[in-house]
Amino acid sequence: MTMAARIIAQRGSLLSRSAVPRCTAAYLTQTSSLAQLSQPPQLPAVRLCTRSQTRNLTSTAASNGIVADKMQRLANTLAENFGGPVTKLGSHQFKLDDTPDLTGKVGVITGGSEGIGFGAAYTFLKHNISKLYIISISSEIIEGAKKVIAEELGEDKAERVKWLQCDLSDWSRVKEVAEIIKRENDRLDILVNNSGRGIMSADLTSYGVDRHMAVNHMGHVILTSHLLPLMQKTAEEGNIVRISNQASNLHTAAPSDTKFESLEEINRDVGPNGQYGRSKLAAILYSRYFNRNVTQNGHPSVLMNATHPGFVSTKQSRKDILEPYPLGGLAMKYGMEPLKKDQFEGAVPTVWCATMTKDSGQYICAPCIPEAGSEMSQSDELADRLMELTRDIIAEKTRMDSVERGCPMDDIVVH
Ligand SMILES: NC(=O)c1ccc[n+]([C@@H]2O[C@H](COP(=O)([O-])OP(=O)(O)OC[C@H]3O[C@@H](n4cnc5c(N)ncnc54)[C@H](OP(=O)(O)O)[C@@H]3O)[C@@H](O)[C@H]2O)c1
């Protein structure tokens with residue numbers, strides 16, 4: 001029995017506990033799937049009731065509602081994080097096969113050569129995207145990816161992939177790459193900011209900035225900012241433009257005293273989980289900020305959302321985790337492997353946000369469940385401070401080769 005199947009079996013025994021209120025137990029036996037529990041239990045119609053009967057019925061209905069709600073939340077947690085059959089338990093469903101036809105559209109994805117990004121890139125190509133830029137580091141990995149695409153989807157699809165080599169910590173190169181994309185295209189429909197440094201030790205880039213923040217957040221802000229005029233033009237021509245940022249439920253691991261007030265603060269080593277969590281908190285805050293300052297401020301068809309792909313079997317969760325945790329990481333590498341989503345399951349919320357959603361500023365967990373995220377992730381004040389600090393750091397660190405030439409942050413300040 002797989003671990004996923006075991007979870008379902010455990011869930012079954014949980015549901016049959018006699019402690020579950022009678023009405024709910026009856027309701028549960030009528031439902032074949034936990035996903036149906038999002039509907040409150042149906043109570044028999046009552047015509048004439050005494051006041052106390054009414055009170056009892058109301059409180060029974062309320063407690064049934066609470067139990068159903070709790071069960072759905074449990075079901076969502078399983079669907080959001082783990083792979084296999086439990087993904088079907090989520091209250092919101094989307095399958096990669098339901099991706100719309102993308103003929104005529106142009107997309108950009110960072111880290112589309114492997115892992116979750118490859119799952120998304122493969123899906124866009126399968127659904128006929130006309131051109132897809134993949135931004136990543138290793139030529140070997142992208143060659144391997146293109147080979148798989150050619151073998152499985154045909155040579156024509158592999159030729160639609162344009163690879164641009166770029167390390168997102170090299171902000172001048174990020175700008176160059178954005179300029180190439182703008183020169184070569186008169187539209188841009190999809191931008192997926194997916195590349196990321198995983199749960200790893202603290203490190204500084206050549207600019208002297210925390211590598212997690214520099215790659216996962218700031219590199220993507222520079223890319224998005226430079227591409228924004230092209231995306232706004234595409235939207236003004238009657239299209240919906242969608243930007244998807246790869247966040248994580250581990251944004252909750254950001255230190256509770258995170259304020260995004262200074263470079264010194266973000267360069268403080270807060271441990272592998274804290275480093276990673278803080279950069280993922282930034283991905284959600286950026287989406288909320290963008291919604292307020294771009295989508296809701298004159299560009300209603302340029303959308304940005306953040307995603308949590310779940311616990312996915314990729315290089316990050318099999319190899320990178322061993323860097324900070326040589327022993328403990330083995331549990332995640334081997335012990336948790338049967339529970340993980342595969343790279344295609346992990347790509348589902350990204351593909352949803354890049355091709356389907358009509359909303360902006362949301363935090364979408366796999367498969368496509370809107371979640372509130374942590375309290376910090378909902379703070380407009382924190383988002384404003386993050387973006388102000390982002391602008392200051394990028395301006396200071398790249399002044400010579402960038403700001404004086406009219407970039408990088410000029411075109412994101414739309415408020
Ligand atoms: N795996 C999970 O369980 C999980 C959970 C939550 C969130 N996420 C997030 O999902 C995203 C994808 O992760 P993954 O698990 O699919 O990882 P992965 O398999 O290691 O793939 C990472 C991709 O990002 C590229 N990349 C890494 N560092 C880069 C940099 N500095 N500049 C440009 N590209 C870079 C890599 O390119 P090269 O191959 O050329 O180096 C690769 O294509 C990340 O943001 C990650 O934090 C993952």
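Full extension of the chain between LYS147 and GLU179 yields a length gain of 8.8 nm, computed as 0.36 nm times the residue separation minus the alpha carbon distance. The calculated FRET efficiency for GLU375 paired with GLU140, based on their beta-carbon distance and R0 = 51 Å, is about 0.75. Subtracting the Cα-Cα distance of ASP342 and THR103 from 0.36 nm times their residue separation leaves 83.4 nm of extension gain.
No value in this document is a laboratory result; all are computed from the given coordinates. Predicted model, so just to flag it, every value in this text is computed and none were measured. Neighbour counts are summed over all protein chains in view; Cβ atoms, including those assigned to glycine, are modelled from backbone coordinates with ideal geometry.
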